[in-house]
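Below is one structure, written out as structure tokens, with a few remarks after it.
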């Protein structure tokens, strides 16, 4: 990042209409409440509009409706139809993440047969095994492991201590955060009959599309036969589990602890809120939202929002009510009897 | 793996009756639907039997009942009582996982006092501390850490970036996937009275039996006093948590996110489905199955299947029903009053 | 740890009244049931008092009420008002964890601009980036990554394979277990309108107070704007998720899989049992306890205990009752109609 940017260059990048002095320079971005006079702010949620009056920011990214009329905001403004998207797009200009050192660190260990693209940044203690491919402009953080024949596309960013097994195919501009594991064996075992389990070797791979982001401590297992597949533009949070042979459609969003059990599929443009999980061998269609901690126990064929779970109570109230959940079928039968 | 295998050598390994030309060679294994003419397939689930007619595979691993009668499968067959087990056993022949490089990589750091068995494969950036023991034929992936005095039996496979603390005893033929942590401190603290917590140092260790498989990003904590113990043949998926001083009986299966809280025990031959968790200080007997996302809040003394949770609904329906869960005790009392 | 300690030096450290021979030496600590004649034991829970009679320990840490009267314990005793706290405090004397090798291992890679305090123990394959600060007396295990400008206070212990991103500020005497990730990007994206997501760069950092313990495979994300903040004395178990811009108050305890979704706050002296999760953008006040697997869906303003969830049943019973949960609103309406 540079030290500062002028309002006019920001307006140009965002395609925003600028009201105010384009020569004014800003060094950061913050909330309406916290932004100082050398920072940018934004109004993305109507409930914060009351903070405009006391906002100290150099300029506010804002929708047109707030800058006209008697109650209008009078300060410098970058006027956009979608200020939240504007904030998201400009946020990169103020990102403090250090640029990874270009080249291959002498303490990285790269197999001779690996193909390393131009302008990569491979940190210390990275291990890249035979016939792996690292696309141009990609960075691998300290301690990353890339197994044999796995491929990363161009401009990927893999953070420290990520493990990528063999035969994993990853698209371009994919971000993977620390501690995540791509391509570990799926959980496949056949009962032997004696109570013991026979491991089913996991012969498939993993395919991940372009522009995917994967959080920290997330796991995407390789397929038993055939691949586990993550579509383009999918965003995945921390502690997520994608089991073997699952399919996640393009642009779906999976919040922390959400999961797909083996061989399930999630459509395109779906949202799994935190801890929303699909059991195995089911299909969820496109444009489905699943609320937090919902267990999806059967296929969903209609777009819409789905839920399960019980509401929050004091523990005292909950104890009284929970015991009745065990009596519900009896209650229903007694109710029916009374109705007769 | 070799490039191809003849049907006759596969039949001999599996103890299968071969119908067809034993000289035919196959290069892989796939599903009935996807297998090509140089691949093996298998029929393990009756619902796929209709795919036999159009199956292109070189041969199908199949039960005898499908190869006789007017509707019988007419192609090449490897006839077995348990085709799924046959598939599982032969799957290793087609595993693409690269053989780890034998010997100790020059960038591994092994304490002088560590005992390293024959024919090990220790990758770059492995650290093995004082008096640790690595059994013959075991492999340690890049970046694995093995703490002081810990022991791995023969033919273990530890994937990249696994962390094994000190004084952990692991049996033979144990597989541990990337990101997992064995022997971290249990979560033990005593309240000081001022609101602060006094750490209880975790003096115990971990013991893991032979033939255990542990998934990725799974944690097995060391005991507070005495050991946390995992029996023989236990299979553990990703993101599982085994807290301090828990005991898991032989051949039990723990799916992703399943957990045992402190000092709980799970019997032999149990199955915890995804996210099935035991609270602390309870005992679950042998041969218990717990369905997905069930919270086991008390000891279980009878074999069988156990559940908790609420069913999936549209969010609209769920909102109406969930509010009634908070009124259940009142409803039950009113129902009883009406009955009188 | 030393090989043995005398009862008199233990009594002096704990401020306990000693009954018995202060010259007797002990080599370890165990439970009343398991302690041998050269070990210490403790009685912290009344239900184990019956084990006193057969206890073989050299001495027992015990409350005064058990050593007088006709049923009193007659053996050597270290008498304390709070024996559990006494056990916790003395446990460190018997900890088997090896002392990390002091100094900087030659295979560690430390940026020239990093500031490394006195008496540190930095293991092999550690990477510390530009302008990071490692406080005096701190230890970093093998494979730890510390990003640019991040700071660790004095006497921290960071276990193997922990990843700490850039601009993370950690206090003194903080313990972090293996596989954990501090400062990964929060899960922030703006919808583009085409179904795609625009990443919001996570410009904030993480601040962690003194005396915090963080378990294995736990994630604490950096803030979007401003910091994610963990107070002093907070204790955090394995697989916990603290999302961007959350705040955790001093001395709160978070058991395994507990979580705060984005921008939520938890007060001081709270306890989240296993898998107790807060949805985003809510506030929970001080002195709240949340039971296992409870989903906190709204702010809590009154101290006390809170719960959600459904009780454990056999799967057979559960199936009958669960279907009624989907009919609850109808049942409530029919009940009301009958009452009229």
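The values are calculated or read from the model by the stated rules, or taken from the named source; none is laboratory data. Computed from a prediction, not measured in an experiment: that's the story for all the values here. Using ideal geometry, Cβ is built from the backbone for each residue, glycine included, and neighbour counts are taken over all protein chains shown.
Against the definition (free of Cβ contacts under 8 Å to residues at least 60 places away in the same chain, within 17 Å of residue C:311 (Cβ to Cβ), touching a helix residue (DSSP H, G or I) at 6+ places or on another chain (Cβ under 9 Å) and surrounded by fewer than 17 Cβ atoms within 10 Å (Cβ to Cβ)), how does residue B:309 come out, yes or no? Considered against the rule, which asks whether it is free of Cβ contacts under 8 Å to residues at least 60 places away in the same chain, within 17 Å of residue C:311 (Cβ to Cβ), touching a helix residue (DSSP H, G or I) at 6+ places or on another chain (Cβ under 9 Å) and surrounded by fewer than 17 Cβ atoms within 10 Å (Cβ to Cβ), residue B:309 comes out as no.
Looking only at residues in region B:79-98 that are free of Cβ contacts under 8 Å to residues at least 12 places away in the same chain and either surrounded by fewer than 18 Cβ atoms within 10 Å (Cβ to Cβ) or more than 12 Å from chain A (Cβ to nearest Cβ) (or both), the one that is farthest from the chain's Cα centre (by Cα) is B:98.
Of all residues in region A:145-158, those being facing chain B (nearest Cβ under 9 Å) and either in a strand (DSSP E or B) or buried (at least 24 other Cβ atoms within 10 Å of the Cβ) (or both) number 2. Within the set A:76, A:57, A:130, the sole residue that is surrounded by fewer than 22 Cβ atoms within 10 Å (Cβ to Cβ), away from chain B (no Cβ under 14 Å) and either more than 28 Å from residue C:202 (Cα to Cα) or over 25 Å from the mean Cα position of the chain (by Cα) (or both) turns out to be A:76. Residues in region C:253-266 that are closer than 22 Å to residue A:316 by Cβ and in a strand (DSSP E or B) were compared, and the one that is farthest from the other protein chains (Cβ to nearest Cβ) is C:266.
Within region C:138-179, the set of residues being within 12 Å of residue A:178 (Cα to Cα) and in contact (Cβ under 8 Å) with a residue 40 or more places away in the chain comprises C:165 only.
Among the strands (runs of 3 or more DSSP E) confined to region A:186-247, the ones with at least 2 residues that are within 12 Å of chain B (Cβ to nearest Cβ) and either in contact with a helix residue (DSSP H, G or I) (Cβ under 9 Å, 6 or more places away or on another chain) or free of Cβ contacts under 8 Å to residues at least 24 places away in the same chain (or both) are located at A:189-191, A:197-199. Selection of region C:8-36 for residues being over 20 Å from residue C:64 (Cβ atoms) and touching a helix residue (DSSP H, G or I) at 6+ places or on another chain (Cβ under 6 Å) yields C:24, C:28, C:29, C:33.
Checked against (1) within 8 Å of chain B (Cβ to nearest Cβ); (2) assigned to a loop (DSSP other than H, G, I, E, B); (3) surrounded by fewer than 24 Cβ atoms within 10 Å (Cβ to Cβ), residue A:172 passes all but a single condition, namely (1).
Note on region B:272-286: residues that are surrounded by fewer than 20 Cβ atoms within 10 Å (Cβ to Cβ), in contact with a strand residue (DSSP E or B) (Cβ under 8 Å, 6 or more places away or on another chain) and either outside any loop (DSSP other than H, G, I, E, B) or within 11 Å of chain A (Cβ to nearest Cβ) (or both) amount to 1.
Of all the numbered requirements in (1) more than 14 Å from chain C (Cβ to nearest Cβ); (2) at pLDDT 95 or above; (3) surrounded by fewer than 24 Cβ atoms within 10 Å (Cβ to Cβ), residue B:106 misses one, and that requirement is (1). When residue C:250 is tested against (1) more than 10 Å from chain A (Cβ to nearest Cβ); (2) in a strand (DSSP E or B), only condition (2) is not met. Screening the candidates B:66, B:5 for the property of being in contact (Cβ under 8 Å) with a residue 12 or more places away in the chain and either out of contact with any helix residue (DSSP H, G or I) (no Cβ under 9 Å at 6 or more places or on another chain) or under 21 Å from residue A:203 (Cβ atoms) (or both) yields one hit, B:5. Screening C:314, C:301 for residues that are within 26 Å of residue C:226 (Cα to Cα) and more than 16 Å from the chain's Cα centre (by Cα) leaves exactly one candidate, C:301. A single member of B:269, B:321 is buried (at least 16 other Cβ atoms within 10 Å of the Cβ), within 13 Å of chain A (Cβ to nearest Cβ) and either under 24 Å from the mean Cα position of the chain (by Cα) or part of a loop (DSSP other than H, G, I, E, B) (or both), and it is B:269.
Residue check: residue C:161 meets all listed conditions (1) part of a loop (DSSP other than H, G, I, E, B); (2) in contact with a strand residue (DSSP E or B) (Cβ under 6 Å, 6 or more places away or on another chain); (3) within 22 Å of residue B:197 (Cα to Cα) but one, namely (3). Condition first: in contact with a strand residue (DSSP E or B) (Cβ under 7 Å, 6 or more places away or on another chain), touching a residue at least 40 places away in the same chain (Cβ under 8 Å), part of a loop (DSSP other than H, G, I, E, B) and over 14 Å from residue A:214 (Cβ atoms). Can you find one or more residues in region A:102-113 that meet it? So far as region A:102-113 goes, no, none of its residues is in contact with a strand residue (DSSP E or B) (Cβ under 7 Å, 6 or more places away or on another chain), touching a residue at least 40 places away in the same chain (Cβ under 8 Å), part of a loop (DSSP other than H, G, I, E, B) and over 14 Å from residue A:214 (Cβ atoms). Exactly one residue out of B:35, B:44 is buried (at least 16 other Cβ atoms within 10 Å of the Cβ), free of Cβ contacts under 8 Å to residues at least 60 places away in the same chain and in contact with a strand residue (DSSP E or B) (Cβ under 6 Å, 6 or more places away or on another chain): that is B:35.
Each residue in region A:68-84 was checked for being over 19 Å from residue A:12 (Cβ atoms) and in contact with a strand residue (DSSP E or B) (Cβ under 8 Å, 6 or more places away or on another chain), and 3 pass.
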